[in-house]
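The values are calculated or read from the model by the stated rules, or taken from the named source; none is laboratory data. Note that the coordinates shown come from a computational prediction; the quantities given were computed from them, not determined experimentally. Glycine also receives a Cβ, built like all others from the backbone with ideal geometry; neighbour counts cover every protein chain displayed. In case anyone asks, the SASA skips ligands and DNA or RNA and just uses the protein heavy atoms, side chains included. Shrake-Rupley method; radii C 1.70, N 1.55, O 1.52, S 1.80 Å.
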Amino acid sequence: MTQISILGCGWLGFPLAKALLKDRFLVKGSTTSVEKMTILESIGIQSFVLALETNAAPDAMSDFLDGSQTLIIAIPPKLRGKNKDYSDAANNSFVKKIENILPFIQKSTVENVLFISSTAVYGEANTVVDEKTIAVPVTESGKQLLEIENLLLANTDFKTTILRFGGLIGEDRNPARFLAGKENVPNPEAPINLIHLEDCIGVIQKIIVANCWNTTLNAVTPFHPNRKEYYTQKTIVENLVPPTFNHEILSIGKTISSDYLIEKLNYTFTKTDL
């Protein structure tokens, strides 16, 4: 049986691990809490407590990777803010954390790396954006994600696929609550770029089965109503206070295309009515 290591069994990584177990993969998973280990072990995931640091790699990294053909990095950078200097995040450099584990990946049995990134790497635009669009991130997390993407893609010791997700929604991430009750919200005419958890998992499963490596893919549901239309309707359905929007400033917003992913993987999005 093929073994997969998932670095980060959180909002995405944990249900992904359960789906891969059903697909008859052996799964190793990491968490930052001892309590979560019990939950992972109870469903058949070999678990490890791994907290990435900027000064050194976790002691158990070698054991976590051993025997796995594929590594999925599903850890959010947890960085916020536009136009921040890298020194502001020096103590929480996501780039440095990934750099520290690279030698362990290179020495391991891992042949393929799937890095969960974000469409935040594209920055701000008013156009349709695809994988050929030059990424110009404006947020600190977007800047560091792009740097890690390039770092992994440049490494010839393993094959890397970059998966850039749009805004993540699911049962515990109800889009109706994102903007409910907020006032003077900008960009009312900007398109939404979201993806449901079920499709996140479905896309990853397709990548693994199809051996789709050494590429970059946008993963956003092909459903792009504007923000005002979408969030107003969602809040009304949930009996929440609809947001009000600022129409005085011109709306800015890109439309993320997933056409390449759909063609490359022959993938059909299942959650199209977000």
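Things worth noting here:
- Among residues that are touching a helix residue (DSSP H, G or I) at 6+ places or on another chain (Cβ under 7 Å), closer than 22 Å to Thr221 by Cα and buried (at least 20 other Cβ atoms within 10 Å of the Cβ), Gly142 is included.
- Taking (1) in contact with a helix residue (DSSP H, G or I) (Cβ under 8 Å, 6 or more places away or on another chain); (2) open to solvent by 30 Å² or more (accessible area, probe 1.4 Å); (3) hydroxyl-bearing (Ser, Thr, Tyr); (4) within 30 Å of Ala17 (Cβ to Cβ) in turn, Thr156 satisfies each apart from (1).
- Some residue of region 195-216 being farther than 30 Å from Val113 by Cα and open to solvent by 50 Å² or more (accessible area, probe 1.4 Å): no
- Matching residues in region 137-173 - criterion: being in a loop (DSSP other than H, G, I, E, B), modelled with pLDDT of 95 or more and over 19 Å from Lys78 (Cα atoms): Ala154, Asn155, Thr156, Asp157, Phe158
- Taking first residues from region 45-74 that are among the charged types (D, E, K, R) and partners that are in a loop (DSSP other than H, G, I, E, B) and open to solvent by 20 Å² or more (accessible area, probe 1.4 Å), the Cβ contacts under 8 Å between residues at least 6 apart in sequence or on separate chains come to Asp66/Ser108; Asp66/Thr109.
- Here Gln233 passes the criteria (1) among the polar types (S, T, N, Q); (2) under 19 Å from the mean Cα position of the chain (by Cα); (3) closer than 16 Å to Ile192 by Cβ; (4) open to solvent by 80 Å² or more (accessible area, probe 1.4 Å) except the one numbered (2).
- Selection count where residues are out of contact with any Leu (no Cβ under 7 Å at 6 or more places or on another chain), crowded, with 19+ Cβ neighbours inside 10 Å and at pLDDT 95 or above, scope region 102-130: 4
- For Asn92: the one exception among (1) farther than 30 Å from Val241 by Cα; (2) open to solvent by 30 Å² or more (accessible area, probe 1.4 Å); (3) modelled with pLDDT of 95 or more: (3)
- Region 218-258, residues that are under 24 Å from Asn112 (Cβ atoms) and out of contact with any Lys or Arg (no Cβ under 7 Å at 6 or more places or on another chain): Val220, Ser258
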